[in-house]
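**Student:** Please read through the structure below; I'll follow up with questions.
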Amino acid sequence: MHFYVNKMINIALYQPDIPQNTAAIIRLCACFNTNLDIIRPCGFDLNDKKIKRIAMDYFKKCKITVHQSYDKFLNNKKNSRVILMTTKAKENYYSFKFKVKDTILFGRESLGVPKIVHNKSFKKLKIPLKNNARSLNVSMAAAIVLSEALKQNNLL
């Protein structure tokens, strides 16, 4: 049964291109009763067998909203702060005060997000990495930041 949790931190994926990562994030959102927004186009079909196999029955336990474009996503998020996670940010995620109803946006695995998404985001945050590492897997990054946001709002 799908239901939309109104007073919760949300996760959004901008044009995801790896089905296994999206499936892992579906499981993450289902386990923490968090909504998932997916902004098209995707690099795969959302009915792909790889997604269904990895997400298992969690696919049915996660409220997923698919937006046909970034503009339509923003239009639906007028009451939400969109927080962009990017390696190009200066501020660390744990220094930011997340609020209920925030939407944490993650870019494409292959390309990140275009400049317009950077410009229209309420805030840009990063996960600090050591040893000149480039980036984390998007599902791992989502788990780290979602955990902090939920903890800050006593939602764990």
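The values are calculated or read from the model by the stated rules, or taken from the named source; none is laboratory data. What you are looking at is a predicted structure, and each value in this text was computed from that prediction instead of being measured. All Cβ positions, glycine included, derive from the backbone under ideal geometry; neighbour counts span all protein chains shown. Heads up: the accessible areas ignore ligands, DNA and RNA and are worked out on the full protein's heavy atoms, side chains in. Shrake-Rupley method; radii C 1.70, N 1.55, O 1.52, S 1.80 Å.
**Student:** Solvent-accessible area of residue 108, probe 1.4 Å, all protein chains present, reported in Å² to the nearest ten, please.
**Tutor:** Rounded to the nearest 10, that gives 60 Å².
**Student:** Amide H to amide H under 5 Å from residue 109: which residues, 5+ apart in sequence or cross-chain, H placed 1.01 Å off N in plane?
**Tutor:** Result for residue 109 returns 17, 18.
**Student:** List the residues whose amide H sits under 5 Å from the amide H of residue 125, counting only those 5 or more places along or on another chain, with H placed 1.01 Å from N in the peptide plane.
**Tutor:** 84, 85, 86
**Student:** When all C-alpha to C-alpha distances in the range 1-107 are sorted into bins of 10 Å, what percent of pairs does each bin hold, rounded to whole numbers?
**Tutor:** The distribution over the range 1-107 is 15, 47, 34, 5, given as percents.
**Student:** Classify the range 64-121: rounded, prolate or oblate, from the alpha-carbon gyration tensor (a ≥ b ≥ c, eigenvalue square roots; a/c under 1.5 rounded; otherwise prolate if a/b is larger than b/c)? Can you show the working numbers first?
**Tutor:** Working: a/c = 1.87, a/b = 1.15, b/c = 1.63.
Note, shape of the range 64-121 comes out oblate.
**Student:** Find the accessible area per residue for the chain; the probe is 1.4 Å, ligands and nucleic acids are left out, and the unit is Å².
**Tutor:** On the way: 8670 Å² over 156 residues.
Per-residue value: 56 Å².
**Student:** Hey, another quick one. Once you have a ≥ b ≥ c as the square roots of the Cα gyration tensor eigenvalues for the range 74-156, tell me rounded if a/c is under 1.5, and otherwise prolate or oblate according to whether a/b is larger than b/c. Provide the component values of the computation, followed by the final result.
**Tutor:** Working: a/c = 1.77, a/b = 1.12, b/c = 1.59.
Here the range 74-156 falls in the oblate category.
**Student:** Also: Which longest uninterrupted range of the chain lacks any chymotrypsin sites (Phe, Trp or Tyr not before Pro) assigned by DSSP to a loop state (not H, G, I, E or B) and surrounded by at most 13 other Cβ atoms within 10 Å? Numbers along the way, then the final one.
**Tutor:** Details: sites that count: 3, 4, 122.
Segment 5-121 is the longest.
**Student:** In addition: Just list whichever of 77/130; 49/97; 72/126; 49/130 have alpha carbons separated by over 28 Å in the model shown.
**Tutor:** Working: 77/130 33 Å; 49/97 38 Å; 72/126 25 Å; 49/130 35 Å.
Violating the 28 Å Cα-Cα cut-off are 77/130; 49/97; 49/130.
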